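Inspection log for the structure reproduced underneath, given as structure tokens.
Here, each number is a calculation from the coordinates, and none is a lab measurement. Note that the structure is a prediction, hence the values are computed from the model and not measured. With ideal geometry, Cβ positions are generated from the backbone for all residues, glycine too; neighbour counts draw on all protein chains shown.
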Amino acid sequence: MTDADRHQRWSEDLAAYMLGALEPDEAVELERHLQDCERCRGEMRWLDPAVHSLPEAVERQQPPARLRESLMAQARADARRAGSGTAEAGGPRRSLLPTWLRGGGSRGLRFAAGFAVLALVVAAAAGYEIGRGGSGGGGADSTVVSRQANGVTAKMVREGDGGTLRLVNVQQPPPGKVLEAWVRREGTVEPVPALFVPDRGGRAATTIADMRGVDTVMVTEEPRGGSEAPTSEPIVTMSVPQ
Amino acid sequence: MAVRRERAERLADEELMPLVGGKDPEAFEVLYDRHGGVAYSLAYRIVGERTAAEEVTQEAFISVWRSGARFDPTRGSVRSWLLSVVRNRAIDFLRSKAGKAPKLAFDDDSILEQRPAVEMTEEEAMRRETAQEVQGALGKLPGEQSKVIQLAYFGGFSHSEIAEILNLPMGTVKGRMRLGLEKIRGELAEGLA
């Protein structure tokens, strides 16, 4: 069977796959084919809007008010519990990390030490400019610009407790990879939940909701879906003022 | 509290997601206010019953809030991702019910209530326009193409199950799915031109 034949065979299944109508084993086989077939990936990108538009065509229903009330009650209760966890155990986000990354075991210590060395090496090759604005709340507003040895420029804008990390001159990650940001807080590295990718001009940005206690911000290339711990050397490592 | 809500309202969906991941209830509230209506509508379209639709929508939003499920911007918009979570939950709900009765609804849209939106923002107005375009595109599809797409997407049936239901060869079912999606895509592209 030629490549064209194989493409034709799988191309016929794409629509069923995108509608969730392939059997699980067929879907696995198609996904394997997609890794090597740019034509099929291109066809999927073309058809994507059609599939994503289907729920928009549904007749609108008014959800009951109690649904919103119930969801928000649960969210606020969770947030309160997470807040009390911060005071007692050093922050709720650490629960997102596997135990070995929380600094308790020897593996965690090795990881933290390794990352610290990487941070120092990159920081040594980078220049920093720091501007500080007025403090409007719990955290100081400030901007840090860091030029990395690999040509990437990183700008961290701190606003209150959160901040925005903007990158310029970032290379496109390899296929199947995305950018993931990490923060180091009290010696522990935590993932930033939202994954991001650079645009065609090499610009990328992500928001970091909680910058309290963060002394270092890093970015790595990770597989789609992100990682619980960094799996590659950082393309950005920058110190941020407390 | 009000200031944070106002700030969250100014953020794009993609900017809200890190805040939701950081357990910010205001960001979550804005996310729900933007997409809760269509999420509930989709759930209702699939499960066909209000109490079940409410349950499915609640589970979907809570899983986004609690599970640490990560939004991957390379795979589409926040709205598409959220609606895929709702669809999967709704299909799971259907499959968990004995017999997995199909929610075909080819001719029963008239029995569905359509209530006016409480408030229509510019963004919502654009979505309504898109919805009309898609409804128009679906309406223009030959019945056999519309049927297989709806059985798959809203009914959760596999192509082999659809082939059995409609007494058609599997290749025909897949071909109709493909032709139908291509036509919808073509209509959307024309709408953008």
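Annotations for the structure displayed:
- Amide H to amide H, with H built 1.01 Å from N, A:Thr216 comes under 5 Å of A:Arg184, A:Val240, counting only residues 5 or more places away or on other chains.
- Taking a quarter of the surface of the Cα convex hull of segment B:1-97 gives a mean projected area of 6.2 nm².
- Long-range HN-HN contacts of A:Gly162 with modeled amide H, under 5 Å: A:Met211
- Look at A:Asp5, B:Asp24, A:Asp78, A:Asp161 and count the other Cβ atoms within 10 Å of each Cβ; fewest to most, that gives A:Asp5, A:Asp161, A:Asp78, B:Asp24.
- Reachable aspartates and glutamates from A:Lys155, criterion Cα separation under 14 angstrom, eight or more residues apart if same chain: A:Glu129, A:Asp141
- Spatially, segment A:1-79 and segment B:149-167 are offset by 16 Å when compared through their Cα centroids.
- When only the Cβ of Lys, Arg, Asp and Glu is charged (+1, +1, -1, -1), the dipole of segment B:1-66 relative to its Cα centre reaches about 60 debye.
- Under 5 Å, built H, 5+ apart or other chain: amide partners of A:Val236: A:Val219
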